[in-house]
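Single-structure report; data block below.
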Amino acid sequence: MLEEGIVCDFALVRAAVGDRHGNLVYDASARNFNPLAAMAGRVTIAEVERLVEPGEIPAEHVHTPGIFVQRVVGPLGERDKRVERRTIRPRPSQEG
């Protein structure tokens, strides 16, 4: 039995390291789904935490080759990872 692959218009992936050519390296569990999602998109947009120059990533460390990536977005600075910041509020006093 032959099953057809899923094809989507846009694939959004996030990588730890990437270059301008679209070569991507993922961290930890991001390697489970992101490479497959990148290959399924007609247009793949990758957000990278650290943007390096082409050639700085050794070929044996590349998880998604640049042929599958059409756009690369660099780090977003302070706005990056807003959800993961821990906020603490003071407890209401027990007196009163």
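The values are calculated or read from the model by the stated rules, or taken from the named source; none is laboratory data. What you are looking at is a predicted structure, and each value in this text was computed from that prediction instead of being measured. Neighbour counts run over all protein chains shown; Cβ positions are idealised from the backbone, glycine included. When the accessible area is computed, the model is the full protein with side chains, heavy atoms only, and any ligands, DNA or RNA have been set aside. Shrake-Rupley method; radii C 1.70, N 1.55, O 1.52, S 1.80 Å.
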**Complete:** Picked from region 24-41 (must be open to solvent by 40 Å² or more (accessible area, probe 1.4 Å), outside any helix (DSSP H, G or I) and of a type outside the set (A, V, I, L, M, F, W, C)), the residue nearest to A11 (Cα to Cα) is N32
**Asked** For region 42-58, which residues satisfy the criterion of being out of contact with any Phe, Trp or Tyr (no Cβ under 7 Å at 6 or more places or on another chain), closer than 26 Å to E4 by Cα and open to solvent by 20 Å² or more (accessible area, probe 1.4 Å)?
**Response** R42
**Asked** Are there any pairs, at least 6 apart or on different chains, whose C-beta atoms fall under 6 Å, with the first in region 42-63 and within 19 Å of R31 (Cβ to Cβ) and assigned to a strand (DSSP E or B) and the second open to solvent by 100 Å² or more (accessible area, probe 1.4 Å) and of a type in the set (A, V, I, L, M), and if so, which?
**Response** I45/L12
